[in-house]
Amino acid sequence: MASISLVDGKFEWEDGKMHLGTIQAALSFEMVNGELIYKSEYVRAIHPATQKELWSLEDLGRVTGLAFSKNLAVALGEKAIAAMDLETGKERWRNKVNSGATNLVWDKASDSLVYIDKKGLHTVEAQTGKTILDASMSVASWPSQVRLASTEIVVTVAEKEVCGYNSKTGKKLFNEGNLVAFFRANTAIDTWPRPSDGQAFDSMSRPPANEEEWAGLRKTSLLGPETSKQFEEREGSEEGLGAFRNRNAS
């Protein structure tokens, strides 16, 4: 995290080390009531001009998710999930997490929070932290992300499968396994039509734009020649292009 003046472009302050790259997507940050809230070694709120710390949420373990509303900031880590009251600057509630934490989803319709750890799928009341759902999961590979598809359906994304669950009961609705592709399993198309109450998705890498890029993928891909050929044919087909055009037009 760094601050640069919009007046003269001068560097003002920096928190954390610079990296050339990371396998973990950057977590969201938010400006609330003039406070900048973000993840550093822990979750903290600072005065953006002076970098003075106003409050913090610590002892969470590695933080994997942040979510905000008008009166709460909630942080999910490998050890705990905790909520900060933004009006008082005091911690409102804290629950234990059983490692393996995913991202954190705020279901605005029910004002609840959804996440996964090694014990399963969890939903808690955002304002109180009270448990709504603790559901065990049977999966081929453990999810790295959870997404809100509608008010009653969450989708989990793992290395080897994508699954859908009823967020009220924890019942598995579907699963698609044995995923093989050029792209990482934890990416999703961000412009594909979805319910108005669904959550925004992460951007997906674009397909190769020319023969040179295709050649580079052929050399580095773990896919066999036949699978690679099918992928190239599908990406260049009129059916695929038509879906792309319809998606952008919607």
Arg218 and Lys70 label points (each 7 Å along its Cα→Cβ direction) are spaced in nm at 5.8 nm
So the FRET efficiency between Glu232 and Lys118, C-beta based with R0 = 51 Å and rounded to 0.05, is 0.85
If every Lys and Arg gets +1 and every Asp and Glu gets -1 at its Cβ, then about the Cα centre segment 60-118 yields a dipole, in debye to the nearest 20, of 160 debye
Taking 156-162, 136-142, 84-90, 72-78 and ranking on average Cβ neighbours within 10 Å, highest first, one gets 72-78, 156-162, 84-90, 136-142
The pairs in Lys119/Lys160; Lys10/Lys39; Lys118/Lys229; Lys90/Lys168; Lys70/Lys168 lying past 27 Å Cα-Cα in this model are Lys118/Lys229; Lys90/Lys168
In nanometres, the difference between 0.36 nm per residue of separation and the alpha-carbon distance of Asn33 and Ser136 is 33.2 nm
Under the 7 Å Cα-to-Cβ spin-label approximation, Glu78 and Glu176 lie apart by a distance in nanometres of 3.1 nm
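Each reported figure results from applying straightforward, stated rules to the coordinates on display, with no laboratory input. All values reported here derive from a predicted model rather than from experimental measurement. Positions of Cβ are generated from backbone atoms using ideal geometry, with glycine treated the same way; all protein chains shown enter the neighbour counts.
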